[in-house]
1. So which residues in segment 443-464 are more than 20 Å from Leu605 (Cβ to Cβ) and surrounded by fewer than 17 Cβ atoms within 10 Å (Cβ to Cβ), if there are any at all?
2. Kindly state which helices (runs of 4 or more DSSP H) lie completely within segment 524-626 and contain at least 2 residues that are buried (at least 17 other Cβ atoms within 10 Å of the Cβ) and hydrophobic (A, V, I, L, M, F, W, C).
3. Taking segment 138-152 on its own, how many of its residues are more than 19 Å from Glu180 (Cα to Cα), at pLDDT 75 or above and assigned to a loop (DSSP other than H, G, I, E, B)?
4. Can you name every residue in segment 162-183 that is of a type outside the set (Asp, Glu), away from the ligand (no atom under 16 Å from the Cβ), out of contact with any helix residue (DSSP H, G or I) (no Cβ under 9 Å at 6 or more places or on another chain) and open to solvent by 60 Å² or more (accessible area, probe 1.4 Å)?
5. Please enumerate the residues belonging to segment 568-626 that are among the aliphatic types (A, V, I, L, M), in contact with a strand residue (DSSP E or B) (Cβ under 9 Å, 6 or more places away or on another chain) and touching a residue at least 60 places away in the same chain (Cβ under 8 Å).
6. Do we find that Glu421 is farther than 30 Å from Asn574 by Cα and surrounded by 13 or more Cβ atoms within 10 Å (Cβ to Cβ) in this structure?
7. With respect to Lys241, determine if the residue is free of Cβ contacts under 8 Å to residues at least 40 places away in the same chain, in contact with an Asp or Glu (Cβ under 7 Å, 6 or more places away or on another chain) and of a type outside the set (Val, Ile, Thr).
8. Of the residues Lys65, Lys42, Lys49, which single one is open to solvent by 50 Å² or more (accessible area, probe 1.4 Å) and touching a strand residue (DSSP E or B) at 6+ places or on another chain (Cβ under 7 Å)?
Amino acid sequence: MKKKAFKAESKRILDLMINSIYTHNEIFLRELISNASDATDKLYYNALKDGNTGLNRDSLAINIKLNKSDRTITISDSGCGMNMEELENNLGTIARSGSLAFKQENEKRDDIEIIGQFGVGFYSAFMVSKNVKVITKPYGGDVAYCWESEGAEGYTISECEKDTNGTEIILYLKDNTEDENYDEYLDEYKVKSIVKKYSDYIRYPIKMDVEKHRPKEGEDGEYESYIENETLNSMVPIWRKSSSQLTEDDYNNFYKEKFYDYENPLKVIHSSVEGTATYNMMLFIPSKAPYNYYTKEYEKGLQLYSNGVLIMDKCSDLLPDHFSFVRGLVDSQDLSLNISREMLQHDRQLKIISTNLEKKIKSELMLMQKNDRENYEKFFKNFGLQIKYGLYSNFGMHKELLQDLIMFHSSIENKLVTLEEYVSRMKEEQKYIYYVSGESISKIEQLPQIELLKDKEYEVLYLTDDVDEFAIRILMNYKEKEFKSISEGNLGLESEEEKKEIAKKSEDNKELFTLLKDSLDGKVKEVRLSTRLKSHPVCLSVDGEISIEMEKVLNQMPNDQNIRAQKVLEINANHPIFNKLVNMVDTDKEKLKSYAQILYSQALLIEGLSIEDPVAYSNAVCELMI
Ligand code: ADP
């Protein structure tokens, strides 16, 4: 018999498993029981599809056998089993994304404790075993196979005898060491407690022979021992229990085990709904975005059960994209078991459920925002981007639903605030919701445009994510208050008096502005007197739809459109440079040209844009210095 090597990535995980001195190796049992349960699910589902409704759940039990003299644990199921090809594919490589996620996560961390929190699958058997045998016969097949491995060295597969379909996994426990006592897994009490802890909700009976004691008949005070084949798990799926029966730990453990997270969820939404659709749901909002959340690899969806039987692992129709971070499951008796994916899309019940879920998630998030701000902020830091994308996508179709969930950093509060909070404390005469976009809070704080608004004690929202300004523009207004970029158009800050003064000054200096504009050779749409500067000499503002931040974002995208904001160079009339420029109109037009270039370059640098000819700029500045 030829020994086959494991596929490369499997070998690496195996090495990690085998060589880690690891305190939670008890999870091997959870993994093998889950596999047995999945295999039984598959059989049950396939049998029903074939019209075989005679299956009895009790006959589908998962059995655990402990053999102290051989030091073996045997876990057997009457599930779908595996044929030769499946054995090769399933146990010779790693197919599951959970295992892959685990692998990638571990490349980043040395923290070995984390392993046990993941679904590490079949390979975890090697944490406690020196030899693993898998004897399996596929449902409907004639031949049984024995897969055997001692770990990293590889595995063999041979034909063997087995009467019934299903899989039997025999673990030959490792020898005890000074640090590890593997014999504890031969202890009934220990095994019972592990099953209870991790696998209580498994919907098939997990049975084991347990030694019990009873008073001996007719002999007072004497006890005899007897063996009882006990069902160790309570089998009621956790989501069918009422929340009063469950502790926070129950929810946390279930979530971590089922969705391969190593952190507790930030929020649990658990309820049963009766009405036009009847279902149980248990939803979780993770504490952290999964490593691949903002990539194409991330797959949204909820598990879909029909009366306790899994019919789809990631039902994406149940979740809108803007709530794609939600994990969890829905169990409904209204759905037929052998419903196909295509039919599911058109299922009326499913549509009702998904609409309800969307509303429920929104209302739970709003509650969290109101009553548990700290966690809401945590949530928003992880998933706020997704909500903002949701706002922007489909031409703002979901803006009503999502606008109250978003937050931005506030210039006054110096923390994240909601639009509702902003509007509720607007000044009486304030017309607009002011915002400014930039790369980071600290960069925005340095923008010249911000000074005057701060001075006048207007609150400004800082937009630091690429999508922010696009989302705000789709929103257009909130509670009838228009959004206004502080780098754009008229901010409505001046009194009538001031307005007149500015108009006059602009008129008087028409020639200066024209000269400056011409010197800049079409780079700006206009040069004008600023109404938004306090102490700084210049800034850029824009006319039209595209802001400077949007220009940056759009030009990062892989297309050849060269989208440009219509830039306006603004000059502060209260800055000494202004008078100098005014004088130059009559005295030195050449110098004025050079000043125009320098001021424009400065305005570009302040906005975080690059200047076309840094050498020329540097030379022009040096000229002034010498
Ligand atoms: P996962 O269960 O997460 O897919 P595992 O490494 O635990 O990953 O198992 C790999 C595959 O082996 C499973 O997906 C399944 O197809 C198969 N398998 C494991 N245990 C059994 C079993 N008891 N009966 C049938 N197939 C099994």
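The values are calculated or read from the model by the stated rules, or taken from the named source; none is laboratory data. None of these values were measured; they are calculated from a predicted model. Positions of Cβ are generated from backbone atoms using ideal geometry, with glycine treated the same way; all protein chains shown enter the neighbour counts. Ligands, DNA and RNA are excluded from the accessible area calculation, which covers all protein heavy atoms including side chains. Shrake-Rupley method; radii C 1.70, N 1.55, O 1.52, S 1.80 Å.
1. Lys454, Asp455, Lys456, Glu457
2. Working: elements: 548-556, 576-587, 589-606, 614-625.
So the answer is 548-556, 576-587, 589-606.
3. Residues of segment 138-152 more than 19 Å from Glu180 (Cα to Cα): 138-149, 152.
Checking which are at pLDDT 75 or above leaves us with 138-149.
Checking which are assigned to a loop (DSSP other than H, G, I, E, B) leaves us with 138-143.
The total comes to 6.
4. Step one: filter segment 162-183 for residues of a type outside the set (Asp, Glu), giving 162, 164-167, 169-174, 176-177, 181-182.
Among the residues that remain, those that are also away from the ligand (no atom under 16 Å from the Cβ) are: 172-174, 176-177, 181-182.
From what is left, the residues that are out of contact with any helix residue (DSSP H, G or I) (no Cβ under 9 Å at 6 or more places or on another chain) are 172, 177, 181-182.
Correct list: Tyr172, Thr177, Asn181.
5. From segment 568-626, those among the aliphatic types (A, V, I, L, M) are 568-569, 571, 573, 577, 581-582, 584-585, 592, 596, 598-599, 603-606, 609, 611, 615-616, 620-621, 624-626; that's our starting set.
Among the residues that remain, those that are also in contact with a strand residue (DSSP E or B) (Cβ under 9 Å, 6 or more places away or on another chain) are: 568-569, 571, 573, 577, 581, 596, 599, 603-604, 606, 609.
If the condition is that a residue be among the aliphatic types (A, V, I, L, M), in contact with a strand residue (DSSP E or B) (Cβ under 9 Å, 6 or more places away or on another chain) and touching a residue at least 60 places away in the same chain (Cβ under 8 Å), then Ala573, Leu581, Ala596, Leu599, Ala603, Leu604, Ile606, Leu609 are the ones that fit.
6. On the way: farther than 30 Å from Asn574 by Cα: yes; surrounded by 13 or more Cβ atoms within 10 Å (Cβ to Cβ): yes.
So Glu421 fits the description; yes.
7. Numbers: free of Cβ contacts under 8 Å to residues at least 40 places away in the same chain: yes; in contact with an Asp or Glu (Cβ under 7 Å, 6 or more places away or on another chain): no; of a type outside the set (Val, Ile, Thr): yes.
Considered against the rule, which asks whether it is free of Cβ contacts under 8 Å to residues at least 40 places away in the same chain, in contact with an Asp or Glu (Cβ under 7 Å, 6 or more places away or on another chain) and of a type outside the set (Val, Ile, Thr), Lys241 comes out as no.
8. Details: Lys42 fails: touching a strand residue (DSSP E or B) at 6+ places or on another chain (Cβ under 7 Å); Lys49 fails: touching a strand residue (DSSP E or B) at 6+ places or on another chain (Cβ under 7 Å).
Result of the check over Lys65, Lys42, Lys49: Lys65.
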